[in-house]
Amino acid sequence: MLLTRLFYYIRGYLVITIAGPYPERFLNVCSNRHILLWDVFSCSSSVLKCCISMHSFRLLSPIARKTGVHVKIVEKRGFPILLLRLKKRKIFALGLLTSILLLIFINQFIWKLEIVGCKTVSMTYVTEKLAECGLKIGAFRPYIDEKKLQNQMLIQIPELAWLWVDKSGSKVVVQVKERVPVPEIYDPTLYCNLIATKDGVIDSMVIKNGVPMVSLGDTVRKGDILVSGLILSEKGVEPRRLQSEGEVYARVWYEKTKAFSLWNSVKKETGKKETKRILHCFGKHINLFRQSKTKFTDYTEETREYELAPFGHYMGIGLTTITYTEQVCHYEKMNAETTAQKGTLELTDIIDKAAAPNGQQKDLRTNYTIIDEDTIEVTVVAEYLENIAEKIKMT
């Protein structure tokens, strides 16, 4: 139906009223003769209002006489009607045409640049290199050669493995993908030992190459040699040096202690809000506010961006709204058990981040001590099973 409306708007259509004792008969005859009427609205029991194309309106006279109704044109709409009005207002038509041409010309420049995919490579560094290659705010969009830009960027930034430029109106999105580090090539001639990275108790070992220097159940310290790459011979043969390979799993303990207050802060919104707007117009940022700082002391911040992008093409104009919502903070006293549970979760999260990524938690013990009427001290001891072996080159 939307395409039909657009079609009739381009060709022009009329808004008419149908007055008579039985206007329903008029609608039935039009339907039988395949004359399209839309937006039919009943003004009263004897008057209907609807829309019809200019071509079909010429066919209504015999139908109106047959059904005994009176058809009247209320309004003319559509693109042809707009052109007739513009012919009478030549200065306005000239100004409108000039504005459209100016908007099309301005849309040929880049007014917004986004970079997606940067992780280890600095986004500022990528932006500078893009500017050196010709892609920057204000650049003429048809002059940008995507293939040439990709080759130049991959040469200037070796850390990038892939780059793609997506031009959508005055907005350009640059997607990058960084190279995966090349794995170290195994060299059997290197002399390497497996060294303990943490204190622990040996639980299990999988030795692929080298001489184990510890046994199951041994306690090791950080820096101790777990597997040696130096093989000695009892027959007087010169020692042989090789690269140790294997995994050594040990039980590692982590302990964290921290004091927590029984008073918990609770924030609630007061309902007061303050909105600041920033207008983005062809690469320029215009602040539509006087004071950059909000008048609220405690608040939450929400940012929304709006872009003028008909049919997905950015036109160089956008608006950013920053909404500040005021909050008030008051304190509620919790019991020791609830505070201890909250503190345990916090300390457990800290320990889990400090443990090895492939570590497995085997045991967790917690306790708390009441220091005074407002403070408790929580202690968390966690046991993990981790591979503590690290290959170290020896000279």
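A count restricted to the range 154-170 and to residues that are among the hydroxyl-bearing types (Ser, Thr, Tyr) and not in a strand (DSSP E or B) stands at 1. Within the range 101-124, being closer than 18 Å to Phe311 by Cα, at pLDDT 85 or above and either among the β-branched types (Val, Ile, Thr) or touching an Asp or Glu at 6+ places or on another chain (Cβ under 6 Å) (or both) holds for one residue alone: Ile110. Can you tell me which residue in the range 356-376 is surrounded by the fewest Cβ atoms within 10 Å (Cβ to Cβ), limited to those that are under 17 Å from Val248 (Cα atoms) and at pLDDT 90 or above? Applying the filter and picking the extreme gives Gln360. If the condition is being within 15 Å of Cys50 (Cα to Cα), aliphatic (A, V, I, L, M) and in a helix (DSSP H, G or I), then the range 1-28 contributes only Leu27. Is at least one residue of the range 97-114 loosely packed, with under 15 Cβ neighbours inside 10 Å, under 29 Å from the mean Cα position of the chain (by Cα) and part of a loop (DSSP other than H, G, I, E, B)? Checked the range 97-114: at least one residue is loosely packed, with under 15 Cβ neighbours inside 10 Å, under 29 Å from the mean Cα position of the chain (by Cα) and part of a loop (DSSP other than H, G, I, E, B). Only one of the numbered conditions (1) part of a loop (DSSP other than H, G, I, E, B); (2) free of Cβ contacts under 8 Å to residues at least 40 places away in the same chain is violated by Gly138, and that is (2).
What tally of residues in the range 64-86 results from selecting those that are within 48 Å of the chain's Cα centre (by Cα) and without any contact (Cβ under 8 Å) to a residue 12 or more places away in the chain? Looking only at that region, the number is 5. Would you check if Thr379 is outside any strand (DSSP E or B) and surrounded by 16 or more Cβ atoms within 10 Å (Cβ to Cβ)? It is false that Thr379 is outside any strand (DSSP E or B) and surrounded by 16 or more Cβ atoms within 10 Å (Cβ to Cβ). Only one of the numbered conditions (1) in contact (Cβ under 8 Å) with a residue 12 or more places away in the chain; (2) open to solvent by 30 Å² or more (accessible area, probe 1.4 Å) is violated by Ser244, and that is (2). Being among the polar types (S, T, N, Q) and in contact with a strand residue (DSSP E or B) (Cβ under 7 Å, 6 or more places away or on another chain): is that true of Ser122 here? No.
A count restricted to the range 261-288 and to residues that are modelled with pLDDT of 85 or more and assigned to a loop (DSSP other than H, G, I, E, B) stands at 2.
Mind checking which residues of the range 260-282 are touching a residue at least 60 places away in the same chain (Cβ under 8 Å) and on the phi > 0 side of the Ramachandran plot? Within the range 260-282, Phe282 is the sole residue that qualifies.
The values are calculated or read from the model by the stated rules, or taken from the named source; none is laboratory data. The shown structure was predicted, so the numbers you read here are calculated from the model rather than taken from an experiment. Quick reminder, even Gly has a Cβ in these numbers, built from the backbone with ideal geometry, and neighbours come from all protein chains shown. Protein only, heavy atoms only, side chains kept; ligands, DNA and RNA dropped before computing areas. Shrake-Rupley method; radii C 1.70, N 1.55, O 1.52, S 1.80 Å.
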